[in-house]
1. Compute the Cα gyration tensor for segment 164-244, then decide on rounded, prolate or oblate, letting a ≥ b ≥ c be the square roots of its eigenvalues: rounded whenever a/c is under 1.5, prolate when a/b is larger than b/c in the other cases, and oblate in all that remain.
2. Which residues does the label zone of ASP205 cover in segment 155-175, counting backbone N under 14 Å from a point 7 Å along Cα→Cβ?
3. Calculate the FRET efficiency for GLU170 and GLU288 from the Cβ-Cβ distance with a Förster distance of 25 Å, rounded to the nearest 0.05.
4. Over 5 Å intervals from 0, what percent of Cα-Cα pairs in segment 9-127 sits in each interval?
5. With the calculation restricted to Cα positions, what are the radius of gyration and Dmax of the chain in angstrom?
6. Calculate one ³J(HN,Hα) per residue across segment 159-171 by plugging θ = phi - 60° into the Karplus curve 6.51 cos²θ - 1.76 cosθ + 1.60, and present them in order as whole Hz with x for glycine and proline.
7. For HIS227, tell me the accessible area in Å² from a 1.4 Å probe, rounded to the nearest 10.
8. For a paramagnetic label modelled at 7 Å from the Cα of VAL29 toward its Cβ, which residues of segment 110-139 fall within the zone defined by backbone nitrogen distances under 19 Å?
Amino acid sequence: MNATSSDAAAQAGPAAPGRIVLLTTSHRVAPGLLSWPAWQALRAADQVLCADGAHPQLPYLREAGVTVDETSPDAQELVDACAGGRTVVVVALGEGEPRLTDGLARLAGSGRVHMPELELLPASYDLPGARLLDLVQVMDRIRVECPWSSRQTHEGLAKYGIEEAYELVEAIEEGDRDELREELGDVLLQVVFHSRIAEEGRPEDGSEPFSIDDVAGGIVAKLIHRHPHVFGDETATTPEEVKEHWLRTKAEEKRRTSVTEGIPLGQPGLALAAKLASRARTAGLDVELPRGEGVGYELLAVAARAEAEGVDPEAALRAAARAYRDAIRAREGSPALDG
């Protein structure tokens with residue numbers, strides 16, 4: 001017990017109930033990176049306890065001069081340890097201390113025990129996006145231990161990426177928030193899965209490996225470069241100006257010789273036609289639509305007109321198709337008109 005806490009305990013008297021500090025940490029933050037209130041509580045404590053001798057925080061606490069007793073008291077023992085106004089800090093396990101907190105709750109509810117002050121002190125916090133670290137760890141283990149996942153390739157997973165993207169679009173168009181959250185997770189899984197496969201490289205064709213950090217780093221750099229009005233000195237006050245910045249920086253990056261470069265020809269036909277029309281219009285190219293016989297040329301004209309009017313032809317057609325589906329179902333449920 002240090003001098004300061006000893007004096008406080010003496011002043012409080014033998015009947016003082018003391019204080020229990022339950023110190024929680026996040027495994028998603030590097031061990032030893034604790035908040036200042038946490039370090040203050042640890043240094044001022046009369047005793048610091050931890051049930052797990054392998055807790056990742058212990059080496060850093062001891063390096064900082066904090067004595068940690070590796071013990072797992074029950075609720076009554078912990079209350080007794082606080083007698084006389086002592087402060088006991090419990091370094092919680094990763095899953096918390098449910099056995100201990102439940103026991104303390106029962107003692108407090110009994111009304112027969114003069115309970116110490118109980119404080120829950122988060123010593124480190126998850127930053128936004130911290131659960132992505134869990135996803136990376138889970139994917140790493142699945143890639144190693146799952147008989148199916150360990151054999152997958154980029155080519156074999158390609159179809160799932162397309163399926164998940166369509167399911168995401170459907171959730172958005174249906175306005176189902178729960179489904180949207182789930183489908184976003186499925187799309188995210190595809191990114192993490194492909195990135196995990198890419199870590200192994202492709203020795204057969206000499207491809208260099210890359211990781212999810214390389215993927216994230218690349219898109220971060222791209223976003224910063226394409227938003228000079230946010231991260232640089234340029235200004236943009238309208239969506240049109242933002243789009244202008246984006247297209248200009250993208251053109252500088254890609255150095256393409258045609259506005260049609262980079263448009264995937266394998267996408268659905270209406271989306272492809274609309275994208276071509278958008279690129280031509282944005283570039284100020286007055287290109288007459290090709291004329292020909294057949295539905296294809298008619299659909300091309302419709303897609304170009306939709307794009308010019310700010311309508312996504314794919315989304316519009318899906319909405320019309322859903323209405324058609326509902327009409328079919330309604331007709332299926334109607335009594336037959338003929339005998």
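1. Oblate.
2. 155-158
3. Calculated value: 0.10.
4. 2, 12, 22, 24, 19, 12, 6, 2, 0
5. Expressed in Å, the Cα Rg and Dmax of the chain come to 31.2, 99.
6. Result, ordered by residue: 5, 5, x, 5, 4, 5, 5, 5, 5, 5, 4, 5, 4 Hz.
7. Ignoring ligands and nucleic acids, HIS227 comes out at about 50 Å².
8. Counting only backbone N, you get 119-135.
The values are calculated or read from the model by the stated rules, or taken from the named source; none is laboratory data. Here the structure is a predicted model, which means the values were calculated and not measured. Methodologically, a virtual Cβ is constructed for each residue, glycine included, from the backbone with ideal geometry; neighbour enumeration extends over all protein chains shown. For the accessible areas, the whole protein counts, side chains as well, though only heavy atoms, and no ligand, DNA or RNA atoms are used. Shrake-Rupley method; radii C 1.70, N 1.55, O 1.52, S 1.80 Å.
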